[in-house]
Amino acid sequence: MRKNFVLGMALIFSCFSVISCDPWEDENDGGGGGDDPNGPEVTMLLKEIKTMTGDTERKVTYSFDGQQRLTKTVEYEDITDQTSYVESIYSYPSEGKINFTEKAYSAGELVYTNSAEFEILSSSQIHALIQSDLVGEINSDMTYSSPCGISKIVNTMDVGNGPETTTQTFEFFDQKCSSMEYLDGEWEQTIFNDDKFSPKGDPLKKAMGVTERNPIKYESPGNDIETITYQYNENGYPISAMHTFSPESGEENYTETFIYQ
């Protein structure tokens, strides 16, 4: 199963143009549609996603506040073990700022903590300070490219011998914001999106007024391919998904079921 970098590191911002506006305005825009005419007409908020891989069931639960902003997720890799999970908390301390804390537990014991403070600096610049028990402190400077989102992320961290910088770039190539992604100039993966609506409620994308889509295919080096086939409801949100992997990926196929509030 693919894991996103902290919050996917796919920040998208479209609220500021010529003049400044409050990124928390229009909170009833359907989870990220904003003024986008292609945004959803009906807001659907997740309650949970159930995943079946063989005989193992995984579950992620979602909580939202009164303004339809994501406030909490709890992820269980195996629902038969309720003492091992990852809890993520999202908060909105002030205009243009979003905080994130992730804690992982195994057999009831805290394993690690990650946290991030995101700040929208302008219509094209975002800064994040990330603190991780696993890798230490990371400073991320992000460049936004309308309308799809972040086109560049520069991550700087201290690895003991001084600062080390890595650069992620994203090249968008269709109206669904499908993208080719590179790390320090080397191709990492290509992501193809559908034209429907993602229910996951990424708080950063919501704050930036972006219509979130669903990935339908990942292509990575070594003929590593993941294909995702969805069933949708009448509002254009997925109700189920089948993830199929190429033999080269070494991954096991799995299914998802989306349950809404």
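Could you work out the local net charge near TYR182, counting Lys and Arg as +1, Asp and Glu as -1, over the other residues with Cβ closer than 11 Å to its Cβ?
After counting each charged neighbour, the total is -4.
By the scheme Lys and Arg +1, Asp and Glu -1, what is the net charge of all other residues having a beta-carbon under 12 Å from that of SER140?
After counting each charged neighbour, the total is -3.
Tell me, what ³J(HN,Hα) does each residue in the range 134-141 have, in order and in whole Hz, if you take phi through Karplus 6.51 cos²θ - 1.76 cosθ + 1.60 with θ = phi - 60° and put x for Gly and Pro?
Working through the residues one at a time gives 8, 10, x, 9, 10, 9, 10, 10 Hz.
Using Stokes-Einstein with the Kirkwood hydrodynamic radius over Cα pairs, what translational diffusion coefficient do you get for the range 70-139 at 10 °C and a viscosity of 1.306 mPa s, in µm²/s rounded to a whole number?
On the way: Rh = 13.4 Å.
For the chosen part, D equals 119 µm²/s.
How high is the relative contact order of the range 146-196, given as a whole-number percent (alpha carbon pairs under 8 Å, six or more residues apart)?
25
Which whole-number percent gives the relative contact order of the range 39-79, counting Cα pairs below 8 Å spaced six or more residues apart?
Taking the mean separation of contacting Cα pairs over the length of the range 39-79, I get 32 percent.
For the range 195-258 and the range 36-95, compute the distance between their C-alpha centroids and round to whole Å.
Here the two parts' Cα centres lie 15 Å apart.
Express in nm, to one decimal, how much length is gained between GLU87 and THR190 on full extension, taking 0.36 nm for each residue of separation and deducting their alpha carbon distance.
34.2 nm
How large, in percent, is the carbon and sulfur part of the accessible surface of the range 133-261 at a probe radius of 1.4 Å?
Carbon and sulfur atoms account for 47 percent of the accessible area of the range 133-261.
Karplus couplings for the range 80-93 from phi (6.51 cos²θ - 1.76 cosθ + 1.60, θ = phi - 60°), rounded to Hz, Gly and Pro as x?
6, 10, 7, 9, 10, 6, 10, 10, 10, 10, 10, 9, 10, x
Put a dot 7 Å past each Cα toward the Cβ at MET52 and THR156; how far apart are the dots in nm?
Using points 7 Å along Cα→Cβ, the separation is 5.0 nm.
The values are calculated or read from the model by the stated rules, or taken from the named source; none is laboratory data. Being a predicted model, the structure only gives us computed values, none of them experimental. When we count neighbours, we look across all protein chains shown, and the Cβ atoms used for this are built from the backbone with ideal geometry, even at glycine. Keep in mind that these areas ignore ligands, DNA and RNA; they rest on the heavy atoms of the full protein, side chains included. Shrake-Rupley method; radii C 1.70, N 1.55, O 1.52, S 1.80 Å.
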